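A short worksheet on the structure shown next.
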Amino acid sequence: MANKGPSVKELTQMINSVLGQSVLTEQQMNQILQGAKKAHQQGGMGAVLDYLMRVTQVDVSKQELKQFADSIRSNPKVGMDILQGKRSPGSVGRKRRR
């Protein structure tokens, strides 16, 4: 299977770029990815979300994070747009008002 996503180096650089400072090294990203993989194997997507919330100390609810993950899963281009600064993470997963 061909690798369709960014490399660890590219992903790390994109995250640091979006945040405007160096907050993550490639080694840290590899550790996070390995931990997320192990969490998924042991408990599915819910365990991955719990793991990521614990590791990143993110201040959002699990439901908000799940909605965000579901949005990215249904349209991976959105995730790349966010990482490349083309779209705001806050706009993902929200229903538009008409």
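Throughout, read-outs are computed from the coordinates displayed, never taken from laboratory work. The model shown is predicted, which means the values in this text are computed figures rather than measured ones. Here Cβ is always computed from backbone atoms with ideal geometry, including for glycine, and neighbour counts include all displayed protein chains.
Report note on the peptides 51-57, 11-17: ranked by the mean count of other C-beta atoms within 10 Å, highest first, their order is 11-17, 51-57.
Since only PRO6, VAL55, THR25 are under comparison, the one whose Cα sits farthest along the positive direction of the charge dipole of the chain, derived from C-beta charges on Lys, Arg, Asp and Glu, is PRO6. Rounded to the nearest 500, the helix-only mean residue ellipticity at 222 nm of the chain stands at -21500 deg cm²/dmol, with each DSSP H run of n ≥ 4 adding -39,500 (n - 2.57).
Over all other residues within a Cβ to Cβ distance under 13 Å of ALA39, the charged ones net out to +2, with Lys and Arg as +1 and Asp and Glu as -1.
Beta carbons within 10 angstrom, averaged per residue: use that to sort the peptides 18-27, 69-78, highest first. Write out the running numbers ahead of the final one.
Numbers: 18-27: 11.1, 69-78: 13.5.
Packing order, densest peptide first, comes out as 69-78, 18-27.
Nearest 20 debye, what's the magnitude of the dipole of the chain about its Cα centre given +1 on Lys and Arg Cβ and -1 on Asp and Glu Cβ? All intermediate terms of the calculation are to be shown ahead of the outcome.
Numbers: 16 positive and 7 negative charges, 118 e Å.
In debye, rounded to 20, the chain gives about 560.
Of the labelled figures (i) 2, 12, 18, 25, 27, 12, 3, 1, 0; (ii) 2, 11, 18, 16, 11, 9, 7, 5, 5, 5, 4, 3, 2, 1, 1, 0; (iii) 2, 15, 26, 24, 17, 10, 4, 1, 0, only one reflects P(r) over Cα pairs in 5 Å bins from 0, in percent as derived from the coordinates, namely (i). Taking each of LYS38/LYS66; LYS38/LYS77; LYS62/LYS86; LYS9/LYS62; LYS38/LYS86; LYS9/LYS66 in turn, the alpha-carbon distance tops 23 angstrom for LYS38/LYS77; LYS62/LYS86; LYS9/LYS62; LYS38/LYS86; LYS9/LYS66.
Considering only alpha-carbon pairs that sit under 8 angstrom and 6 or more positions apart, the relative contact order computed for the chain is 21 percent. Remark on ARG87: its backbone amide H falls under 5 Å from those of ILE82, a criterion applied only to residues 5 or more positions apart or on other chains, H modelled at 1.01 Å from N.
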